[in-house]
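The block underneath contains the structure these notes are about, expressed in structure tokens.
The values are calculated or read from the model by the stated rules, or taken from the named source; none is laboratory data. Remember, it's a predicted structure, so these values are computed and weren't measured experimentally. Here the Cβ positions follow ideal geometry from the backbone for every residue, glycine too, while neighbour counts run over all protein chains shown. Heads up: the accessible areas ignore ligands, DNA and RNA and are worked out on the full protein's heavy atoms, side chains in. Shrake-Rupley method; radii C 1.70, N 1.55, O 1.52, S 1.80 Å.
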Amino acid sequence: MSHDLAPLYAQHIATLRARADNALARGGFDHLLIAASTPLRKFLDDQDYPFVANPHFRHWLPLTDAPGSWVVYTPGSKPKLIFVQPHDYWHVVPDAPNGYWVDQFDITIVRTHAEAVVALPKGNRAVIAPNCPEINGVEANNPEKVVNYLHWHRSYKTPYELALMRQASLAGTGAHRAAEKAFRAGESEFGIHMAYLAAANQIDAELPYASIVGLNEHGAVLHYTNFDRTPPKQNRSFLIDAGASASGYASDITRTYAAKGHAEFQALIDSVEKAQQGFVSKVKAGQSYPELHIHAHHVLADVLREHGVIRMSAESAVQSGVTATFFPHGLGHPIGLQVHDVAGFQANESGGNIPRPNGHPYLRMTRVLEPGMVVTIEPGLYFIDMLLEELRNKPAAKDVDWAKVDAFRPYGGIRIEDDVVCTNDEPENLTRDAFALAH
């Protein structure tokens, strides 16, 4: 696999160098310095939080565990890696750099974070690093002109990045299959989560985000991460939103299942699934993402009507905010080095902001889709007590079948999410392709 990645990686680095040349010229800088960063220390403790490398560092390198290290790029020169390999018998010392990517870098190995800082070039530097923890001897200036340009272009994935995202999708879908099996076997949320981790071959800290594993009404909590240790007395439904990582790239996948014998909820899942596949088919160059989100509200209104939950036209259900009761989040977001990747609202390579449409405060992307972008498509329908109570007090409540709502409440909700690449042609569904391979 790594042999196949070598030519893609060489092309990727050439692309990143060209982008960095432009970004530095815009900001008037001579050097680009990117810190891997270091772990944050827990308050009043001698332990650290799990380390997550700066995404800008991971953009250049498939190194996710190199705290204190730096990428240094000066236009016209080969990129440099200043790699910290401590003398340490308390921890596992990182292996010396090796693999398909090392030929693209001049590599200097140092023993301490302080030695790494001394090895950095002086002069007019654009330093991309978190401000916390501080780095002695370096000011993390994160210049806006440089960062905005790099974030904008990070929206367009290189073939190398897409190869890693396919790997992340395979790891995620294999683990999703194990989770469904554990659900069918009557496991608790905690037991399902353990099965997921084992199949993904990743610990919690390595996943791109905290997994959501909700049985029955827990599916109505959008970010449910409690992991009950005991199985419910009756299994009705299961919602899992969980991804996996590959060399710093994320997958983000959601599936919803009905237990055997719950045909009405299964029929609702099937309708959301069909709607979701329709939205995926619209991930094409020139498609406004906010318009796709609003289209999703209209389609989901029809689903609610077909299943007897509401008695009103799609248009009036959207206008009156009824669909927002059942579908209160955005249709999706950019994904890549981060689960919610950067530049989802950016107006152009200099910065700026494209506002969300009125009445849709949780949408995480307002761009027009272009080839190379990867987005999630994750419609949902939920029966959330708090939002339903608010709806009860509105005039539209008369057009809601509350007995039907109460019948669906014990199932929590439905979300179905795929990661989708916008191309020059038909969309590439990373998630569905990986499920087809991960038997």
Open item on the list: Let me spell it out: the conditions are (1) over 24 Å from L8 (Cβ atoms); (2) part of a loop (DSSP other than H, G, I, E, B), and A25 meets all of them except one. Which number is the exception?
Closed with: (2)
TODO: Starting from the range 357-384, take each residue that is over 17 Å from H340 (Cα atoms) and in contact (Cβ under 8 Å) with a residue 40 or more places away in the chain and list its partners that are surrounded by fewer than 20 Cβ atoms within 10 Å (Cβ to Cβ) and of a type in the set (S, T, N, Q), counting only C-beta distances under 9 angstrom and pairs at least six apart or across chains.
DONE: P371/T423; P371/N424; L381/S271
- [ ] Go through the range 87-107 and count every residue that is touching a Ser or Thr at 6+ places or on another chain (Cβ under 6 Å) and under 18 Å from D48 (Cβ atoms).
- [x] 0
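Name the single residue, out of those in the range 53-65 being out of contact with any helix residue (DSSP H, G or I) (no Cβ under 8 Å at 6 or more places or on another chain) and assigned to a loop (DSSP other than H, G, I, E, B), that is nearest to K157 (Cα to Cα). Explain how you work it out, then say what you get.
Going through the range 53-65, the residues out of contact with any helix residue (DSSP H, G or I) (no Cβ under 8 Å at 6 or more places or on another chain) turn out to be 53-55, 57-58, 61, 65.
With the extra rule that they be assigned to a loop (DSSP other than H, G, I, E, B), the set shrinks to 53-54, 61, 65.
Numbers: A53: 19, N54: 18, L61: 15, D65: 22 Å.
Of everything passing the filter in the range 53-65, L61 is nearest to K157 (Cα to Cα).
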- [ ] Kindly list, by first and then second residue, each pair from a residue in the range 95-111 that is closer than 10 Å to Q85 by Cβ to a residue that is open to solvent by 70 Å² or more (accessible area, probe 1.4 Å), limited to pairs with Cβ atoms under 6 Å and residues at least 6 apart or on different chains.
- [x] R111/H87
- [ ] Determine which member of the set S237, S281, S245, S316 is open to solvent by 20 Å² or more (accessible area, probe 1.4 Å), among the polar types (S, T, N, Q) and in contact with a Ser or Thr (Cβ under 8 Å, 6 or more places away or on another chain).
- [x] S245
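Here is a yes/no grid of residues against (1) open to solvent by less than 50 Å² (accessible area, probe 1.4 Å); (2) assigned to a strand (DSSP E or B); (3) modelled with pLDDT under 95; (4) over 19 Å from V117 (Cα atoms):
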{"residue": "H3", "(1), (2), (3), (4)": "no, no, yes, yes"}
{"residue": "Y9", "(1), (2), (3), (4)": "yes, no, no, yes"}
{"residue": "L16", "(1), (2), (3), (4)": "yes, no, no, yes"}
{"residue": "R19", "(1), (2), (3), (4)": "yes, no, no, yes"}
{"residue": "L44", "(1), (2), (3), (4)": "no, no, no, yes"}
{"residue": "V72", "(1), (2), (3), (4)": "yes, yes, no, no"}
{"residue": "G76", "(1), (2), (3), (4)": "no, no, no, yes"}
{"residue": "H91", "(1), (2), (3), (4)": "no, no, yes, yes"}
{"residue": "G99", "(1), (2), (3), (4)": "yes, no, yes, yes"}
Task: Breaking point among (1) over 21 Å from A210 (Cα atoms); (2) surrounded by 13 or more Cβ atoms within 10 Å (Cβ to Cβ); (3) within 20 Å of the chain's Cα centre (by Cα), for P361 - done: (2)
Task: In the range 127-161, the residues that are assigned to a loop (DSSP other than H, G, I, E, B) and touching a residue at least 60 places away in the same chain (Cβ under 8 Å) - done: A129, P130, C132, P133, A140, P143, S155, Y156, K157, T158
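Which count do you get for residues in the range 196-206 that are in a loop (DSSP other than H, G, I, E, B), open to solvent by 50 Å² or more (accessible area, probe 1.4 Å) and in contact (Cβ under 8 Å) with a residue 12 or more places away in the chain?
So the first thing to find is which residues in the range 196-206 are in a loop (DSSP other than H, G, I, E, B), and the list is 201-203.
Those still in the list that are open to solvent by 50 Å² or more (accessible area, probe 1.4 Å) too: 201, 203.
Now narrow it down to the ones that are in contact (Cβ under 8 Å) with a residue 12 or more places away in the chain: 201.
Total meeting the criteria: 1.
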Task: Single unsatisfied condition, Y209 versus (1) part of a loop (DSSP other than H, G, I, E, B); (2) closer than 15 Å to R177 by Cα - done: (2)
Task: Every residue from the range 207-235 that is free of Cβ contacts under 8 Å to residues at least 60 places away in the same chain and within 22 Å of the chain's Cα centre (by Cα) - done: L207, A210, S211, I212, V213, H223, Y224, T225, N226, F227
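Quick check on my filter: what residues within the range 46-70 are over 21 Å from the mean Cα position of the chain (by Cα) and surrounded by fewer than 20 Cβ atoms within 10 Å (Cβ to Cβ)? If you could, list the steps in order and put the result at the bottom.
First, pick out the residues of the range 46-70 that are over 21 Å from the mean Cα position of the chain (by Cα): 46-48, 66-70.
Within the range 46-70, D46, Q47, D48, P67 qualify.
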